[in-house]
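Scroll down for the structure; my scribbles are underneath it.
A short reminder: the numbers here are calculations on the coordinates, not readings from a lab. This structure is a prediction, so every number in the text was calculated from the model and none was measured. Here the Cβ is made from the backbone with ideal geometry for all residues, glycine too, and neighbour counts use every protein chain on show.
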Number of protein chains: 2
Amino acid sequence: MTESSTQNSHLFKTIGVIGVGLLGGSIAAAARQRHLAETILGAGRNPSRMRAAQQSGLLDRGSTNIAETAAQSDLVIVCTPVNNIVQFIRIVAQNSRPGTVITDVGSTKQKICSELYGSLPEGVTFVASHPLAGSEKAGFEFADPELFAGRPCVVTPDDQTPDEAIERVKGFWEALGMHVLQTTPENHDRILAETSHLPHVISSALAMTLSEENRPFTSTGFRDTTRIAGGDPSIWIDILLSNSDAIIESIDKYTQSLARLREAIVNQDEKQLRQLLEDGKKNHDALNSAP
Amino acid sequence: MTESSTQNSHLFKTIGVIGVGLLGGSIAAAARQRHLAETILGAGRNPSRMRAAQQSGLLDRGSTNIAETAAQSDLVIVCTPVNNIVQFIRIVAQNSRPGTVITDVGSTKQKICSELYGSLPEGVTFVASHPLAGSEKAGFEFADPELFAGRPCVVTPDDQTPDEAIERVKGFWEALGMHVLQTTPENHDRILAETSHLPHVISSALAMTLSEENRPFTSTGFRDTTRIAGGDPSIWIDILLSNSDAIIESIDKYTQSLARLREAIVNQDEKQLRQLLEDGKKNHDALNSAP
């Protein structure tokens with residue numbers, strides 16, 4: 001327990017982070033910096049990594065025991081790769097005290113929600129989340145308490161999710177500096193296919209295309225456009241395969257945009273090319289204007 | 001003339017910048033900061049803009065008279081949009097003193113070089129350049145003296161270009177902090193189609209694809225991947241149309257990369273998807289490792 005245990009402003013007495021990588025570590029760091037909990041626990045499969053995370057001060061206690069960590073927490077955030085989330089949330093739910101709220105950070109929501117909503121023990125509530133923040137870096141050593149500030153977070157409850165639990169989870173992300181959007185799991189996956197999963201595919205395809213001998217001739221433009229291609233392939237395989245239908249639809253929509261640009265270049269059609277580049281710039285400018 | 005006129009370390013007595021926008025302005029700012037010339041002149045078509053650039057201290061004199069600016073300069077750098085460069089270099093060459101070296105910053109080189117090499121007045125030398133540095137911002141107000149530091153610059157002379165002039169131009173870019181690569185205009189355009197023009201097309205196509213109602217669901221990944229789509233459409237129309245053959249070839253190579261990713265997702269082929277994402281990550285990591 002930390003010195004801040006004397007404060008009364010904590011949103012939660014104990015927070016448990018399952019999976020202490022870049023995202024889980026950043027949640028722990030941000031929760032600490034913003035005094036959101038008296039105690040911050042973490043659990044992961046690698047004992048030496050958990051010890052290191054505890055020794056670094058990121059966690060009050062790092063453990064390999066998920067059940068124990070869950071039993072001591074009021075809010076549990078599962079930060080494992082997408083295809084492990086359901087399994088870990090079941091373990092957490094089976095070991096939590098009544099009243100515990102569970103959330104996650106999974107980049108796709110439909111599979112997770114359809115498996116978990118309505119199937120967890122009485123008294124424990126799962127509210128699915130997706131904080132839209134990340135980094136191509138991996139490991140809690142890169143944990144950044146400001147990773148979430150000013151970013152959107154999507155929560156995707158269903159009709160049966162108690163309002164109180166939704167509000168507690170929303171309040172947690174807002175306390176990390178995020179602005180929270182709410183939609184259905186289905187809508188989330190359809191939208192994120194376009195705004196997050198498509199960019200990853202686009203960026204990886206560009207990085208794949210570069211000939212090794214042309215590397216010295218790249219500059220900031222190439223580097224920015226391929227930044228997210230540096231992400232961990234294992235994490236992205238899970239995301240891309242768990243939302244494949246919507247992603248294929250987005251790739252096909254994108255391919256049409258690309259074909260229109262190609263056609264304007266082939267035809268030396270300055271007017272059409274200007275229209276297309278300006279359409280893109282309009283979205284760019286809207287995203288980069290002050291909020 | 002500035003106080004630094006007493007120094008003997010100047011590479012050039014007088015530098016003339018034709019076209020004082022983001023790039024031209026950054027060249028002036030970098031040359032000033034690094035004491036590369038006694039006097040820095042600038043010329044552009046808009047009198048009030050030239051006055052403002054002079055008043056800001058970026059230029060020792062801002063003028064609308066290209067001929068006069070050329071006549072007073074030892075090195076002239078033409079920083080206008082690609083499809084004006086030939087025309088302005090002809091004006092510069094006709095008004096320069098013997099011994100003057102002229103270069104440019106055009107993003108495509110084949111058309112410029114084939115029109116200019118061997119066709120300029122005796123005693124004046126043109127050595128084509130392409131500093132791989134830029135910004136999606138426009139205007140000398142965003143001039144950045146560090147824009148060029150650590151970036152590549154490609155110079156594309158031909159067999160007839162005097163070595164001395166090549167060395168002077170290389171020395172100028174190196175003094176701005178760039179590392180200089182040399183190749184033919186044809187190779188330059190083929191390579192840059194892949195490393196610079198393709199990323200712009202890719203990025204614009206992604207920005208075009210975003211539905212307006214999905215804007216709130218974007219985060220840093222989408223924003224980084226579409227950063228260069230914020231570039232001035234007029235500048236990019238010139239680039240894309242003046243190097244269209246090589247760019248179409250690059251788009252087609254890219255489309256194949258994208259199709260392979262799409263196929264792996266459709267087939268839920270984890271092994272193949274991992275291979276492709278890792279191919280991309282390999283290039284990403286190579287570009288982002290310490291030089």
| task | Please find, in a Gaussian network model of chain A (springs between Cα atoms separated by less than 10 Å), the residue of A:VAL86, A:VAL155, A:VAL105 whose mean-square fluctuation is greatest. | result | A:VAL86
| Bins of 10 Å, starting at 0 and running to the largest distance - Cα pair percent for chain B | 6, 25, 33, 20, 10, 5, 1, 0
| task | Give the nm distances, rounded to one decimal, from A:ASP245 to the matching residue in every other copy, measuring between label points 7 Å along Cα toward the beta carbon; shortest first. | result | 4.7
| task | Using the number of other C-beta atoms within 10 angstrom as an exposure proxy, rank B:ARG151, A:ARG97 with the fewest first. | result | A:ARG97, B:ARG151
| query | What is the mean projected area of the alpha carbon convex hull for the range B:1-127, to one decimal in square nanometres? | reply | 7.2
| remark: Magnitude of the Cβ-charge dipole (Lys and Arg +1, Asp and Glu -1) of the protein assembly as shown about the Cα centre, nearest 20 debye, reported as 720
| request: Please name whichever of B:SER107, B:PHE140, B:THR125 sits farthest to the positive end of the charge dipole of the range B:3-183, dipole taken about the Cα centre and charges placed at Cβ: Lys and Arg +1, Asp and Glu -1. | output: B:PHE140
| If you build a Gaussian network model of chain A, linking Cα atoms that sit under 10 Å apart, which residue out of A:VAL201, A:VAL76, A:VAL154 swings the most? | A:VAL201
| Roughly what would the spin-label model give for A:SER114 and B:LYS137, points 7 Å off Cα along C-beta, in nm? | 4.8
| message | Checking the table A:LYS253/A:LYS282; B:LYS13/B:LYS111; A:LYS282/B:LYS111; A:LYS170/B:LYS271; B:LYS109/B:LYS170 against a 28 Å threshold on Cα-Cα, which pairs fail? | response | B:LYS13/B:LYS111; A:LYS282/B:LYS111; A:LYS170/B:LYS271
| field | Three-way shape call for the range B:188-288 based on the alpha-carbon gyration tensor, with the a/c threshold at 1.5 | value | oblate
| field | Cα centre as origin, Lys/Arg/Asp/Glu Cβ charges: the range B:188-288 dipole, Debye | value | 300
| note | Note, the range A:166-172: 3J(HN,Hα) by Karplus (6.51, -1.76, 1.60, θ = phi - 60°), whole Hz, Gly/Pro = x, goes 4, 5, 5, 5, 4, x, 5
| If each of B:LYS253 and B:ASN288 carries a label point 7 Å out from its Cα toward its Cβ, how far apart are those two points in nm? | 2.2
| field | For the protein assembly as shown, with +1 on Lys and Arg beta carbons and -1 on Asp and Glu, the positive-most of A:VAL82, B:ILE15, A:GLN55 along the dipole | value | A:GLN55
| message | Placing unit charges on C-beta atoms (Lys and Arg positive, Asp and Glu negative, everything else neutral), compute the dipole magnitude of chain A about its Cα centre in debye, rounded to 20. | response | 540
| Pairs of Cα atoms farther than 37 Å apart, the protein assembly as shown, % | 43
| request: Give me B:LEU258, A:LEU181 ranked fewest to most by other Cβ atoms within 10 Å of their Cβ, as a rough exposure proxy. | output: A:LEU181, B:LEU258
| request: Would you please give the residues with an amide H less than 5 Å from that of A:THR100, counting only those at least 5 places away or on a separate chain, with H modeled from the backbone geometry? | output: A:THR125
| Looking only at A:LYS137, A:LYS13, A:LYS271, which one moves most when chain A is put into a Gaussian network model with springs between Cα atoms under 10 Å? | A:LYS271
| note | Excluding residues fewer than 8 positions from A:LYS137 in its own chain, the aspartates and glutamates with Cα under 18 Å of it are A:GLU146, A:ASP224, A:ASP232, A:ASP238, B:ASP224, B:GLU278, B:ASP279, B:ASP285
| On average, how many beta carbons from a partner chain sit within 10 Å of the beta carbon of a residue in A:186-197? | 3
| query | So what's the angle, to the nearest 10 degrees on a 0 to 90 scale, between helix B:198-209 and the longest Cα principal axis of chain B? | reply | 60
| query | Considering the dipole of the range A:188-288 built from charges on the beta carbon (Lys and Arg +1, Asp and Glu -1) around the Cα centre, which of A:ILE237, A:GLY221, A:ALA207 is farthest to its positive end? | reply | A:GLY221
| request: Enumerate the residues in the range A:119-160 having an amide nitrogen under 15 Å from the point lying 7 Å beyond the Cα of A:ASN84 toward its Cβ. | output: A:138-140
